[in-house]
Amino acid sequence: MIGNTILGFANYAASEGGGGGLLSVNGGLAFWTVITFLLLMFLLRKFAWKPILASLSEREQKIEESLKAAETAAEESKRLNEENKLIIQKAEEEAKRIREQIRADAQSAREKLLQESREQAQKIIDDAIKESERKSAEVFSEMKNQISSISIDIAEKLIRKKLDPDTDKVIINEYLKDISKN
């Protein structure tokens, strides 16, 4: 609407002035141009300037907020990255500790098994020794019984023969030699 008014004044001035060229100054046209410009500035200031400035200010504020948000996001990202590194480091340390604990437990179990094996072997040896001692005692007891029986047989023979003491000694010694050979 304002543009049409300006063009209308320009056409009117050009038609009245007659033969002016491009460089000629038309006073009426200049006057109306200044009036139109001032009127336009007044209207812009009255109705459009505040909303334009408010819009520019709002846009500037949004840009600043976006920059701050981007900066905050970058800092948060950096912080989270550091936290992730710490978490990974702690996880690696925990895994290392668990591996070492498993090794220690395995070594402990190995030592325990070895100790139990040694104890079982020692028990088997002790049982074998006891069994051997028992068998030896049994054999010794049997030998003692046999010697007693033999001694009784010798005594019977000696009594039947009624020999002298020298003959008794010879018979006993011979009998003992026979026993020791067996």
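Bear in mind these aren't lab numbers, they're just calculated from the coordinates by the rules spelled out. Everything numeric here is computed off the predicted structure, so don't read it as measured data. Note: ideal-geometry Cβ built from the backbone for every residue, glycine included; neighbour counts use all protein chains shown.
Has the range 84-99 got any residue that is part of a helix (DSSP H, G or I), out of contact with any strand residue (DSSP E or B) (no Cβ under 9 Å at 6 or more places or on another chain), among the polar types (S, T, N, Q) and more than 30 Å from residue 179 (Cα to Cα)?
Checked the range 84-99: at least one residue is part of a helix (DSSP H, G or I), out of contact with any strand residue (DSSP E or B) (no Cβ under 9 Å at 6 or more places or on another chain), among the polar types (S, T, N, Q) and more than 30 Å from residue 179 (Cα to Cα).
Only one residue in 126, 166 is exposed (fewer than 10 other Cβ atoms within 10 Å of the Cβ) and of a type in the set (D, E, K, R). Which one?
Unique residue meeting the criteria: 166.
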